[in-house]
1. Across the stretch B:20-66, what is the number of residues that are more than 29 Å from the chain's Cα centre (by Cα), at pLDDT 90 or above and among the charged types (D, E, K, R)?
2. Buried (at least 20 other Cβ atoms within 10 Å of the Cβ), closer than 30 Å to A:ARG183 by Cβ, more than 10 Å from every other protein chain (Cβ to nearest Cβ) and at pLDDT below 95: which single residue out of A:ALA95, A:ALA81 fits that description?
3. Tell me, which residue of the stretch B:24-46 that is facing chain A (nearest Cβ under 7 Å) and more than 13 Å from B:PHE265 (Cβ to Cβ) is surrounded by the fewest Cβ atoms within 10 Å (Cβ to Cβ)?
4. Report whether or not B:ARG135 is over 22 Å from B:LEU95 (Cβ atoms), at the interface with chain A (Cβ under 9 Å from one of its Cβ atoms) and outside any helix (DSSP H, G or I).
5. Checking A:ILE206 against (1) at pLDDT 90 or above; (2) surrounded by fewer than 23 Cβ atoms within 10 Å (Cβ to Cβ); (3) of a type in the set (A, V, I, L, M, F, W, C); (4) closer than 15 Å to A:ASN76 by Cα, which test does it fail?
6. Scan the stretch A:253-262 and tell me whether some residue there is within 11 Å of another protein chain (Cβ to nearest Cβ), out of contact with any strand residue (DSSP E or B) (no Cβ under 6 Å at 6 or more places or on another chain) and crowded, with 22+ Cβ neighbours inside 10 Å.
7. Within the stretch B:188-200, can one find any residue that is within 24 Å of A:TRP209 (Cβ to Cβ) and not basic (Lys, Arg)?
8. Residues A:VAL196, A:VAL229, A:VAL185, A:VAL216: which one is closer than 30 Å to B:TRP13 by Cβ, within 11 Å of chain B (Cβ to nearest Cβ) and assigned to a helix (DSSP H, G or I)?
Amino acid sequence: MTLARVSRMTGRILLHISIVTFGILMIMPFYWMIVTSFQIPQNLITFPPKWWPQPPTLEHFKEATQQAPFLLYYRNSLIVANIHVFSCILLGLLAGYAFAVYRFPLQGFFFVLILSTLMVPIQVTSVSLYILMSRFGWIDTFTGILAPDIASAFSVFFMRQTIKSMPKALIDAARIDGAGELRIVFTIIAPLVKSVMATIALILFINSWNDFLWPVIVINSERLRTLPVGIAFFKDPFHINFGSLMAATTIATMPMIFVYLFLQRFVIKGIATSGLKF
Amino acid sequence: MKNWLIMAKKQRWHNAYLFIAPVLIALGLFRIYPAIQTLVFSFFKVNIVSRKYTWVALKNFSLLLEDLTFRRALSNTFVYAFYIVLMSALIALVLSSLFSSKMKLGDVYKAAYFVPFITSTVAAAVVWSYLYDPRFGLFNMILKLVGLPGRGWIASSRDAMLSVIIFSIWKTLGYNMVIFLAGLQNIPDMYYEAATIDGAGPLTIFFRLTVPLLAPTIVFVVIYNTILALKVFDQVFVLTSGGPAKASTTVVLELYEMAFLHYRFGYAASMAFVFFIMILVVTVIQYAISSKWEVQY
């Protein structure tokens, strides 16, 4: 073996080691979360730390599920995320179609107006949005949680870009055949932009699922708490039981992580092509 | 025939407005109107219970100038943004160019780097609040194992901001890597082949080839991370609540507490105004730079 080959080999091995080390560092918090959630209480305060639950126990899970209604949190998060995704996709499809296919007065103005909402984050609007919601009587309701995210400029933008790139002859042909505009949108356009819709839906879903600032502002009662809000309030600064806290976060995160692992290729491709998350 | 065309055109106008109306109404009512109102509120003293709005001109802003906590929040936010952009983007750039040049990154590794990003910030921060615990947390246990003194982490005003920063680097690294890897895939292999034939070493290739060709992606990642970092809230809320003694408070956390804990909406609105200007400046810079840095392969 020549010297050059030896050094190339060591390079490769070092690279492998660094990838694996970094990978372990990234995963370590989740590993420790799971280990802790199965660890018997007295093992949590011993030194050196026990790297494996010995013996494993379900005690913390029992305690966590008694302390907080995680099924309810899941249900709320699912309701919010699904309505959010559905309405953003539907409204985005309609508006995207209009911007891509029609020419109408003030078209450019309206498009820029819609895109401008991307520049003003919820952090800025939340102050008076809260006052508006309280005037509507929507504080502490599902409507209140959903209202600011019922439409998404991001969805409109990507729908428009996609529909614009499609051959216009398709739409013309359908029109000559006498199809109404709504029918064209739902039976001809929608199936063709399925994959883009799936990408947008996925990003909207992850964002809605993890959204915290607006839900924590607008939700007061336990029965409406979404997962992030529920978990944040599960952590009680004055009475910390790390075992049940880690059991709670395991319950809150692991199902999503499993779903993600199945969809990983699709998720990564979607985020790489759209770039942004809103 | 001509008549029919005009009719059809008219009808489609009508359709177009119907199609964009729901989006316009929703965004107009829940995004644009509150945004403008927040800017207006920053010149008022707002009493949310009696719905009394008292014009106070620039008083909120002059208070803001003297507000030491808000100054602390501003400087914390900038320090945070600086380190996140520098560290997260830099580590991601180095790692992803290492990965893509030599081997295909397996799905298992991809999952390892990306799972923190798709997990909810709140849940992940709760896990880290345990890791950071001075007495029973894993970090201090490991420090003790290797014979180093433990740190205060989130419990000490000196380490609180550092703890939030380390958490956020971990959280955003995977996203930045995905973007960089996508950017790297667009660079044709022949450039690398040519450079290797010319005898360029890996460092030369990285600085003279990868970095310049990846410039638009780097600009995007820097801007995107800056905006995201300026908005930092979830992890601060969970890890430190801005403490101890406001040591790790940030602009959005101050804004949140002022409005929704102290009900000083006018004052919070003036913070939102300042925050909006910060975002606006970064966005304008983005447009200015990204139009200049287009790369054609």
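1. Residues that pass the stated criteria total 0.
2. After applying the criteria, what remains is A:ALA81.
3. B:ILE32
4. Criteria met by B:ARG135.
5. Going through (1) at pLDDT 90 or above; (2) surrounded by fewer than 23 Cβ atoms within 10 Å (Cβ to Cβ); (3) of a type in the set (A, V, I, L, M, F, W, C); (4) closer than 15 Å to A:ASN76 by Cα one by one, A:ILE206 breaks only (1).
6. yes
7. At the first step, the residues of the stretch B:188-200 found to be within 24 Å of A:TRP209 (Cβ to Cβ) are none.
No, the stretch B:188-200 contains no residue that is within 24 Å of A:TRP209 (Cβ to Cβ) and not basic (Lys, Arg).
8. On the way: A:VAL196 fails: within 11 Å of chain B (Cβ to nearest Cβ); A:VAL229 fails: closer than 30 Å to B:TRP13 by Cβ; A:VAL216 fails: closer than 30 Å to B:TRP13 by Cβ.
Result of the check over A:VAL196, A:VAL229, A:VAL185, A:VAL216: A:VAL185.
The values are calculated or read from the model by the stated rules, or taken from the named source; none is laboratory data. Treat the numbers as computed from the prediction; the structure is a model and nothing was measured. Quick reminder, even Gly has a Cβ in these numbers, built from the backbone with ideal geometry, and neighbours come from all protein chains shown.
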